[in-house]
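Here's the structure, in C-alpha cells; my notes come after.
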Amino acid sequence: MKKVFITILLFLLVSVTPGFGEDSHSEEEPINVLLTLDEYRFLPEELEFESGKLYRLTIYNEGKMTHELDAPDLSAHVFTKKIVVLDDSGNMIAEIKGKPREVELAPGKSLEWWFVPFVGDTEEGEMVCDIPGHRAFGMKGRVLIKR
Ligand SMILES: [Cu+2]
C-alpha cells in the first residue's frame, strides 16, 4: 500500500513539475511563423529566428507544383522537437521526430516544423528550392538566426 502511495505521489510530482518529462515543451506556447512556397518564391523571402525560443514553422505549398525547403544552416542550428504532417483540414497525419535535412511538399499541402534554434553567434544562411530550375527562377531566400 505504501509503495503504491509513493508511486502515485512521484507520478503527481513528475507530471506537475515543469521541465520534467519529454513533453515539457508542449505547454510552452510556440512562436508561429508561416512560410509559403509558390512558383517560384518563398514568402517571406527572409526568415528570422532567435536562439532558445520555441517555434512552430508552418510550411505551406500554395503552388501547383511540388516545392522544397532546403535550408542547411537552419537544419544544423535547431533542435527539432517534431514535424507534424497535416491533412487538408489541418489534422495530423504523421508526427516525425528527428532532424530534417530538407522538406519536400506536394501542392496544396502543409506541415509544421517545431524547433528551438541554438547558436553561439548569429548565423546567416540561405534557403532554396532544389527542384531543378526553381532556384534559377528565383526560389531562394535568407535565414537569420540571432543569438
Ligand atoms: Cu520549387
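Every read-out reported here was derived from the displayed coordinates using simple, explicitly stated rules and does not represent laboratory data. Here the structure is a predicted model, which is why all the values come from computation and not from measurement. Because the Cβ atoms are built from the backbone with ideal geometry, glycine has one as well, and the counts that use them run over all protein chains shown.
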Next item on the list: Over region 27-146, calculate the relative contact order: mean separation of alpha carbon pairs under 8 Å at least 6 apart, over the residue count, as a percent.
Entry: 34 percent
Check: Residue by residue, what Karplus-based ³J(HN,Hα) values in Hz, rounded to whole numbers, does region 142-147 have, using 6.51, -1.76 and 1.60 with θ = phi - 60° and x for Gly and Pro?
Finding: 10, 10, 10, 10, 8, 5
Check: Put +1 on the Cβ of each Lys and Arg and -1 on the Cβ of each Asp and Glu in region 27-146; which of Ile96, Val143, Met127 then has its Cα farthest toward the positive end of the dipole?
Finding: Ile96
Item checked: Amide proton proximity set for Val78, modelled H, under 5 Å, gap of 5+ -> Phe118
Item checked: Vicinal HN-Hα couplings computed from phi for region 78-89 (Karplus, 6.51 cos²θ - 1.76 cosθ + 1.60; Hz; Gly/Pro x) -> 10, 8, 7, 6, 5, 10, 10, 8, 10, 8, 5, 9
Item checked: Charged-residue dipole, Cβ positions (Lys, Arg, Asp, Glu), region 27-146 about Cα centre, Debye nearest 20 -> 200 debye
Check: Distances over 16 Å make up what percent of all Cα-Cα pairs in region 27-146?
Finding: 58 percent
Checklist line | Karplus-derived 3J(HN,Hα), 6.51/-1.76/1.60, for each residue of region 30-42, Hz, glycine and proline x | finding: x, 8, 8, 10, 10, 10, 9, 9, 7, 7, 10, 7, 9
